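Report on the following structure.
The values are calculated or read from the model by the stated rules, or taken from the named source; none is laboratory data. Because the structure is predicted, anything quoted here is derived from the model rather than measured. Quick reminder, even Gly has a Cβ in these numbers, built from the backbone with ideal geometry, and neighbours come from all protein chains shown. The area values use the complete protein model at the heavy-atom level, side chains included, leaving out ligands, DNA and RNA. Shrake-Rupley method; radii C 1.70, N 1.55, O 1.52, S 1.80 Å.
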Amino acid sequence: EEFWADLIAVYRREISALVAAGARYIQLDDTSIVFLCDPAQRAVMGGWGKTPEALLNEYAGRINQVVAGFPADVTFTLHQCRGNREGNWVAEGAYDPVAEVMFNQIDVQGFFLEYDSPRAGSFAPLRFLPKGKTAVLGLVSTKVPTLESKDDLKRRIDEAARVAPLEQLAVSSQCGFASSIKGNPLSEQEQTAKLTRVVEVAREVWDDA
């Protein structure tokens, strides 16, 4: 409890400074919850003394303690990262084990979900997305230089829209391009092309993008 109290205080102090400086959009990066999607990681984490389900609920509650009480015009989102260092990954598995709790019990407005490879499973867990929250589909990989086609991205967005309303969906890159000092195996031009592709698709799919 002392550890959690100190950690939450650090996060809240950082966020308070950002809000005081004028920030009105704050994205938290999380690996703990999405690692609970991976059977191998669940087995490891389950050996820590709590069940994976208990850990999931604890993580949700601790994140809520971090974001509680800030002005209503501050938007919080949560990125679920499966590992991205130098184009590598650590965890795999569909979002099914965590989706209901993550979407409905964590007090953020949006969720960035890595959907760049079959390792992430199907869009079925989006059925738990409640009204008023957004799921951002990380369909564009930051791990490989190959540029995704607009048609493929639109097809996958259409698949997701069969599960959750299109107006509650968005599109993005799967993660960042530089999760370490070395960065990922893409050139600056390849990174620019991918970000440009995200903007192109967003504008063609959503009228208000």
Work out the FRET efficiency for V44 and A124 from their Cβ-Cβ distance, taking R0 = 30 Å, and round it to the nearest 0.05. 0.75
Lys pairs, the chain - Cα-Cα below 24 angstrom, 8 or more residues apart or on other chains: 8
Per-residue [θ]222 nm for the chain (sum of -39500 (n - 2.57) over DSSP H runs n ≥ 4, rounded to 500): -12500 deg cm²/dmol
What is the magnitude of the charge dipole of the chain about its Cα centre, with +1 placed on the Cβ of each Lys and Arg, -1 on the Cβ of each Asp and Glu, and no other charges, expressed in debye to the nearest 20? 100
Dipole moment magnitude, nearest 20 debye, the stretch 24-137 about Cα centre, only Lys, Arg, Asp, Glu C-beta charged: 140
The answer for the net charge of residues other than E148 whose Cβ lies under 13 angstrom from its Cβ, with Lys and Arg +1 and Asp and Glu -1, is +2
How large is the accessible surface of E188 in square angstrom, using a 1.4 angstrom probe and rounding to the nearest 10? 140
Roughly speaking, to the nearest percent, how much of the stretch 5-112's 1.4 Å accessible area is carbon and sulfur? 55
Taking only protein heavy atoms and a 1.4 Å probe, what accessible area per residue, in Å², does the chain have with all protein chains in place? 51
Each residue of the stretch 99-115 in turn: what ³J(HN,Hα) in whole Hz from Karplus with 6.51, -1.76, 1.60 and θ = phi - 60°, glycine and Pro shown as x? 4, 4, 5, 4, 5, 9, 10, 9, 8, 10, 8, x, 10, 8, 10, 7, 10
For Cα extents along the principal axes in Å, several values are listed as (1) 62, 40, 30; (2) 49, 41, 38; (3) 64, 33, 26; flag the one computed from this structure. (2)
Could you work out the relative contact order of the stretch 1-151? I mean the mean sequence separation of Cα pairs under 8 Å and 6+ apart, divided by the number of residues, in percent. 24
How large is the charge dipole for the stretch 1-73, taken about the Cα centre, if only the Cβ atoms of Lys, Arg (+1) and Asp, Glu (-1) carry charge, to the nearest 20 debye? 100
Whole-Å distance, taken between Cα centres, linking the stretch 151-203 and the stretch 17-47: 20
HN-Hα J couplings of the stretch 118-130 from phi, Karplus 6.51/-1.76/1.60, θ = phi - 60°, integer Hz, Gly and Pro as x? x, 4, 8, x, 8, 7, 3, x, 5, 4, 8, 5, x
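Largest first and in whole Å, give the semi-axes of the stretch 51-175's equivalent ellipsoid, each being the square root of 5 times a Cα gyration tensor eigenvalue.
Result for the stretch 51-175: semi-axes of 24, 17, 15 Å.
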Testing the spin-label approximation: label points 7 Å from Cα along Cα→Cβ at D107 and E14. State their distance in nm. 2.0
Selection from G138, T192, G121 lying farthest towards where the dipole of the stretch 121-209 points positive, charges on Cβ: G121
